[in-house]
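Below is one structure, written out as structure tokens, with a few remarks after it.
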Amino acid sequence: MPFGVDEAGKGPALGSMFAAAIHCEDPAVLPDGIRDSKRLSPERREELAATLRGDDRIAIGVAEITPARIDDPETDMNSLAVAAHATAIEGALADRARDASADEQFSGLCDACDTDADRFARRVADACSLEALTVDARHGADDESPLVGAASIVAKVERDSHVAALADEYGPVGSGYPGDSTTREFLADYVDEHGNLPPFARASWSTCEDALAAAEQTGLEQF
């Protein structure tokens, strides 16, 4: 497959979701050690991402979906994942598509973000502005395909860098995931101090709604 796509940050209560697409003519040029980003240490992910970005035989596209878009009641996470994958693909293939011959076909594999992998593939293909594009999607593709594994690494490094920047500005925010005690403590403290959610929170997430409700209840109990 000439390109692979994956996302990072679909489930957190804080921060953006990212998708990355990796395109290269020969997957053999990918660095050794590529696998699903969750199976790698943060340091190794950063090393591999830097190697991928430093190789001019490899094209990379990245898309960011902000909390504001995630909280939009007119959309849903599956639709946003489709949009992110499509935007990342367009970014990775932009130069190649511009120089492509009329009969050149583009094909690739996405890690499916929908219970129905075929439906996800069709939606991503439909969302792409590129013509002559064939998209496949499979669950667990980041383990099976080196290109999707490489995309998962780039997406995760983008997400980690985003969270690190938030922590630099706001203090320890944890991973942003609902199960992270540091994240829950940060939310509770922030709401207690400011009376509202931080600007990078996904306000529609139950974790954030619960933090607001708890602060409101505490305020009522003080009267």
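Candidate membrane-span-like segments in the chain, meaning DSSP H helices with Cα atoms spread over at least 20 Å of their own axis and a Kyte-Doolittle mean of 0.0 or above, are 77-99, 146-170, with no membrane implied.
The 1.4 Å probe gives accessible areas that order K38, K10, largest first, as K38, K10. For the chain, the share of DSSP beta bridges that are antiparallel, to the nearest 5, is 60%.
What FRET efficiency, computed as 1/(1 + (r/R0)^6) with R0 = 22 Å and r the Cβ-Cβ distance, is obtained for S107 and D26, rounded to the nearest 0.05?
That pair, S107 with D26, gives E of 0.90.
Across the protein chains, with a 1.4 Å probe defining accessible surface, the residues D168, D95, D72, D55 rank D168, D95, D72, D55 from largest area downward. Between R119 and A165, residue separation times 0.36 nm minus the direct Cα-Cα distance comes to 13.1 nm.
Radius of gyration (Cα atoms) of segment 9-120, expressed as a multiple of 2.2 N^0.38 Å: 1.17.
Which one, (i) 48, 45, 29; (ii) 51, 44, 34; (iii) 72, 37, 27, gives Cα extents along the principal axes in Å as derived from the coordinates shown? The listed entry that was calculated here is (iii). Note on T87: accessible area approximately 70 square angstrom, rounded to 10, probe 1.4 Å, nucleic acids and ligands left out. Couplings for segment 132-145, taken from phi via the Karplus curve 6.51 cos²θ - 1.76 cosθ + 1.60 with θ = phi - 60°, read 6, 10, 10, 10, 10, 9, 9, 6, x, 5, 5, 8, 8, 10 Hz in order; Gly and Pro are left as x. Shown are Y170, Y190, whose ranking by accessible area with a 1.4 Å probe and every protein chain present, most to least, is Y170, Y190.
Taking the Cα centre of segment 76-147 as origin and assigning +1 to Lys and Arg Cβ atoms and -1 to Asp and Glu Cβ atoms, the resulting dipole is close to 140 debye. Heavy-atom accessible surface of segment 106-158, averaged per residue, reaches 40 Å², computed with a 1.4 Å probe.
Within segment 108-177, the GluC sites (Glu not before Pro) that combine a DSSP coil assignment with at most 12 other C-beta atoms in a 10 angstrom radius are E131. A dipole drawn for segment 95-223 from +1 and -1 charges on Cβ atoms has a positive end, and of H162, V124, S107 the residue lying farthest that way is S107.
The values are calculated or read from the model by the stated rules, or taken from the named source; none is laboratory data. Worth saying up front: this structure is predicted, and the values here are computed from it rather than measured. Cβ atoms come from the backbone with ideal geometry, glycine included; neighbour counts cover every protein chain shown. For accessibility, only protein heavy atoms count, side chains too; no ligands or nucleic acids. Shrake-Rupley method; radii C 1.70, N 1.55, O 1.52, S 1.80 Å.
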